[in-house]
Every structure is written in C-alpha cells, then in structure tokens.
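Written out below as structure tokens is the structure these notes cover.
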Amino acid sequence: MRILMVSDVSFPRVNGVSTSIATFRRSLAELGHESTLIAPAYPGAPAGESGVIRIPSRAVPRDPEDRMMGRGRVVALAGALAGQAFDIVHVHTPFVAHYAGVALARRLQLPVVETYHTFFEEYLHHYVPFVPRAATRFLARRFSVSQCREVDALIVPTSQMLSLLRDYGVDARAEVLPTGIDLERFRGGDGAAFRRRHGIPAGRPVLLHISRVAHEKNIDFVLEVLARVRAAVPEVLLVIAGEGPALSHLKRLASRLDLDRHVLFVGYLDRDGPLLDCYRAGDAFVFASRTETQGLVLLEALALGVPVVSTAVMGTAEVLDGVKGAIIAPDEVDGFAASVVSVLTDAALRRRLAAAAPADAHAWSAPVMADRLVALYREVIAARAPRYSPARVLLEASPTCPPSGCE
C-alpha cells in the first residue's frame, strides 16, 4: 500500500503530532507499506529525507516555531504525484494541510482520511486571546464540523474526543485509534548522566514535565503546584523540557513564585539520547494539560518506568484508565500537590509505581496500532472503490503483515 500524508507540522518541529506521524510511518514501513509525507520546510531541517516532500514555508504569527506552507504549492504537486500509484491520502492537521490535502485527494481521485489530533475548543483561545472565549469555542466547533464533512473517515485518538465530536454534530465515519508507542525506542537512558550534565545532586528530588511549552499545556498550574510541594519537599526541582510560545511567560511566573532555584528549563532534547536520560533522571512525571487528545508523553514516561502524577481530562483520562504506574491527581492545586508529595516522600510507593509502569505502556504498542490503521485504510478504500479506480488496485494488496514485519 502507498499512503500520501499531508501535515502542517513534522520533525524537526517537536510536538505530539510530529511524534504520531513519525511513529506511524515507521511502523507502516515495518509492515511493508510505503508512505510519503508532505510537510513544511523548516530552517535547519536535514536535507535529503527519504519519503518527505518539503514545501517552502513562512513563520506563523504569534507562534514562530510553526511554519505555514502555501496551499497552492501542495495542490500543484498533483501532476507529479499522479503517476506514483498512491492508494489513500491521510491528512494530519486542520490548517493549510487539511484544505490542500482534500484538494489533492480530489485531483488524484483518492479517498481521504484525517486524524483529529487537537482539541481546538480549548486550544484556539490561547492564540487569539482578544476574541471572547465563547466566540472561539463556537468557531472551533463550526470549524471542526465543516472539516470533518469533507473526509471519508476520521481517526480520533480517544473515545472521549470522539464523544465530543459527536456532541458537536460530527456524523462522519470515525475510528478510535490512538498513536502507539515504539517500545524499542524507549529503553535505556542514563538519569545519572543527565543530572551530572545539569549539576543536579544525585539525591535531589526531581519532577519532570516534558511537552511543548505552550499555554494550552497548563504549565502555569504545574508551577503553582510546585510552590505548594516546596513547602513539604524544600529541595524539589522541576525540570521542564521543551520549547514554545509560553516559555518567557513561564520564566516570569517562576520568578514571581520565588521558584528560580526550583525550576530548570532545558529546551528541546534529542529523542535518541538526551530525552531518555531526562526521563530517567526524574522521580516523577507531572502533567496537567486539559487539551490532550491523547497524551503521548505519559506513555513515554510509563515505558521508561517513571511514576506519573497527572490529571485525567480528555485524552489523558483514557491513557490513564486502569494503569498501575500512575496516580490520578485532582484538578486543583492543593490536591495535586498532595499527590506529588506522597510520591516524593514515600520510597516504597515510588518503587511500586515505577515497577508497574512499563506494563501499562505495553498495551499501547506501535505495531498493534499501525496494523489497525492499515485495516481502516483498506475499509475506506473498499468503500470508495466504485468511484476511484486507483483504489481497486489496492484491494489486491497482500494481507496485513504481522507485528514482526513483512519479509
């Protein structure tokens, strides 16, 4: 099978969508399926990436980390792509990529699926704060309904997100299909080395927060929790890994809360080494985002045996349902802080959570999720085969490969 993916973000831009795309592409390749990704060009992106078409782009206002590619440049690829026998288009983001991807699919006479990665109702108001929140909520819902009507099927990371879309009035075919975690990539890591690099004493209690440093991640709440935790654990340190538009705001907030000695901002970390070391350096991973459609960082922490303390809202509720390596904390500062203090001060509890965490992550393995994605692609293509002749060819494709990969 050949899949054409279109996204407004991809590595080297680090966030959950980029991680999801990379994980699925890697797992699809292991199952014997080819994918080509159309994504913006980023300054400093490596040249000659296999299976990636970079589109000239410009910075996004109010969010300079992201890039905006031209819709026309994407659609203009139709002629060059027509002879490459793609079977389906998979759109990953709702901005230029949605409109360009749908237009490209129509020109290529291919079915199109889209993954609903972002909870826009809670996301949009952070980026247009001058618009009343009720108005951005209304716009986000209308926007979502309109876009979902243009695709053959939706992929939604959690059942909570699907329920919300149904409440909006979205009636498109939809499949709950989380992004899996590549467990082989979440082994090892040297926490002691991370501590040495950053001058953190071996015995100092360390909390971790790893995510895009953005307003919708609710990191203000985490800093307020830290201020409470410090009263019980005076030497506590919070390590925040990531970059984003809220970074300067959070540094100012940390100073106002007298937390300068208790917060360490380390920026983006390479996923093939330094990020693993960072996870391993922590005594607990703390998370309080209210906007996650899934929450991959929770699975990464669990896979590496790091106890998790998190709220359970939207996608994180599904990830944390029934897990034994995490404590679900109240969505209020004092209660969350009490949960964190219990983990930091009770070594037996911490060991018990750490020992249980990897088994929790195994239930979300990437090969299983990729196999389900292939099955969905085939069903969508079969449903559109009478209209789209390229799809008929796919129906002759070999059966899905086992998790170990195709020969």
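The values are calculated or read from the model by the stated rules, or taken from the named source; none is laboratory data. What you are looking at is a predicted structure, and each value in this text was computed from that prediction instead of being measured. FYI the Cβ positions are ideal-geometry reconstructions off the backbone, even for glycines, and counts take in every protein chain you see.
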Restricting to segment 305-318, give me the number of residues that are surrounded by 24 or more Cβ atoms within 10 Å (Cβ to Cβ) and at pLDDT 95 or above. 6
Could you tell me whether any residue of segment 179-189 is touching a Lys or Arg at 6+ places or on another chain (Cβ under 7 Å) and acidic (Asp, Glu)? yes
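For (1) at pLDDT 95 or above; (2) closer than 20 Å to Leu376 by Cβ; (3) of a type outside the set (D, E, K, R), each residue gets a yes or a no:
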position: Met5; (1), (2), (3): yes, yes, yes
position: Ala45; (1), (2), (3): no, no, yes
position: Glu49; (1), (2), (3): no, no, no
position: Arg54; (1), (2), (3): yes, no, no
position: Pro61; (1), (2), (3): no, no, yes
position: Gly72; (1), (2), (3): yes, no, yes
position: Ala76; (1), (2), (3): yes, no, yes
position: Ala80; (1), (2), (3): yes, no, yes
Per the filter on segment 61-117, residues in a strand (DSSP E or B), under 24 Å from Leu165 (Cβ atoms) and of a type in the set (A, V, I, L, M) are Ile88, Val89, Val91, Val112, Val113
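Provide a single number: the residues in segment 254-264 that are without any contact (Cβ under 8 Å) to a residue 40 or more places away in the chain and outside any helix (DSSP H, G or I).
Counting residues in segment 254-264 that are without any contact (Cβ under 8 Å) to a residue 40 or more places away in the chain and outside any helix (DSSP H, G or I) gives 3.
Only residues that are of a type in the set (S, T, N, Q) and without any contact (Cβ under 8 Å) to a residue 12 or more places away in the chain: list them for segment 42-91, please.
Of everything in segment 42-91, just one residue is of a type in the set (S, T, N, Q) and without any contact (Cβ under 8 Å) to a residue 12 or more places away in the chain, namely Ser50.
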Can you find a residue that is hydroxyl-bearing (Ser, Thr, Tyr) and either crowded, with 20+ Cβ neighbours inside 10 Å or assigned by TED's automatic domain parsing to the domain that holds Val9 (or both) anywhere in segment 266-289? yes
State which residue pairs qualify: first residue in contact (Cβ under 8 Å) with a residue 12 or more places away in the chain and on the phi > 0 side of the Ramachandran plot and inside segment 303-318, second residue of a type in the set (Val, Ile, Thr) and part of a loop (DSSP other than H, G, I, E, B) in any location, beta carbons under 9 Å apart, and separation of 6 or more residues or different chains. Met314/Thr158; Met314/Thr291; Met314/Thr293
Considering only residues that are part of a loop (DSSP other than H, G, I, E, B) and of a type in the set (A, V, I, L, M), look in segment 18-50 and name the one that is surrounded by the fewest Cβ atoms within 10 Å (Cβ to Cβ). Ala47
Output the number of the condition that Val213 fails; it satisfies all remaining conditions of (1) surrounded by 14 or more Cβ atoms within 10 Å (Cβ to Cβ); (2) not in a loop (DSSP other than H, G, I, E, B). (2)
Criterion (among the acidic types (Asp, Glu) and modelled with pLDDT of 95 or more) met by exactly one of Asp220, Asp270: Asp220
Those residues of segment 178-210 that are closer than 23 Å to Asp258 by Cβ and either basic (Lys, Arg) or part of a loop (DSSP other than H, G, I, E, B) (or both) come to a total of 7
Answer residue from segment 283-296, given it is among the β-branched types (Val, Ile, Thr) and at pLDDT below 95 and is farthest from the chain's Cα centre (by Cα) among those: Thr291
Within segment 161-173, identify whether any single residue is in contact with a Ser or Thr (Cβ under 7 Å, 6 or more places away or on another chain) and more than 25 Å from Ala100 (Cβ to Cβ), and answer yes or no. no
Close pairs (9 angstrom Cβ cut-off, 6 or more residues apart or separate chains): at positive phi in segment 20-40, surrounded by fewer than 24 Cβ atoms within 10 Å (Cβ to Cβ) and modelled with pLDDT of 95 or more anywhere: Gly32/Met1
Residues within segment 218-256 that are buried (at least 20 other Cβ atoms within 10 Å of the Cβ), touching a Gly at 6+ places or on another chain (Cβ under 8 Å) and at negative phi, tallied: 2
